[in-house]
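Structure first, commentary second.
Bear in mind that the values in this text are calculations on the coordinates, not laboratory data. Just so we're clear, the structure is a prediction, and the values are computed from it rather than from any experiment. Glycine also receives a Cβ, built like all others from the backbone with ideal geometry; neighbour counts cover every protein chain displayed.
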Amino acid sequence: MPHLLSTKPAIVKLRHFGHNRNMNQEFAIEAFAALSQSSRMTVFRLLVRTGPQGLQAGEIARRLDIIPSTLSGHLSVLKRSGLLKATRHQREIHYSADLQAVNALVSFLLSDCCDGRVENCAEIMSLLEPG
């Protein structure tokens, strides 16, 4: 497993990233493996829509009608892959998509798009533009 980037407290520590904060292929494979199951993809998409504030595990289970014990396993896989963050708030755990990791995954996928000939990637790149 790759090492953490920095020992500086002000910098977010990210598993799976190289010295230039670029995603590596192993992270991408692990992320896609985690997303290759229908319930996990649904959970991940819900948390991406929800944004940085995330949701409590119980709320995720309620919204998606997933048994909490089953959801727990899915959340563990997504968290281990680096796509989710978990924070404890008293007795509840909030889960949120790690948007920095999501951005890195998208960047990894598009970094070699059309061998650097941006004019060939206009349609893909337009998807990244707001509104």
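Annotations
- The stretch 31-96: relative contact order as a whole-number percent, Cα under 8 Å and 6+ apart: 40 percent
- Taking Cα centre as origin and charging only the Cβ of basic (Lys, Arg, +1) and acidic (Asp, Glu, -1) residues, the dipole magnitude of the stretch 25-127 rounds to 600 debye.
- Dipole axis of the stretch 25-127 (+1 Lys, Arg; -1 Asp, Glu on Cβ), positive-most option in Phe27, Ser76, Asn103: Ser76
- Cα-projected label distance for Val48 with Glu123, points at 7 Å along beta-carbon direction, nm: 1.9 nm
- The residues neighbouring Arg63, those whose beta-carbon lies less than 14 Å from its own, together hold a net charge of +1 under the Lys/Arg +1, Asp/Glu -1 convention.
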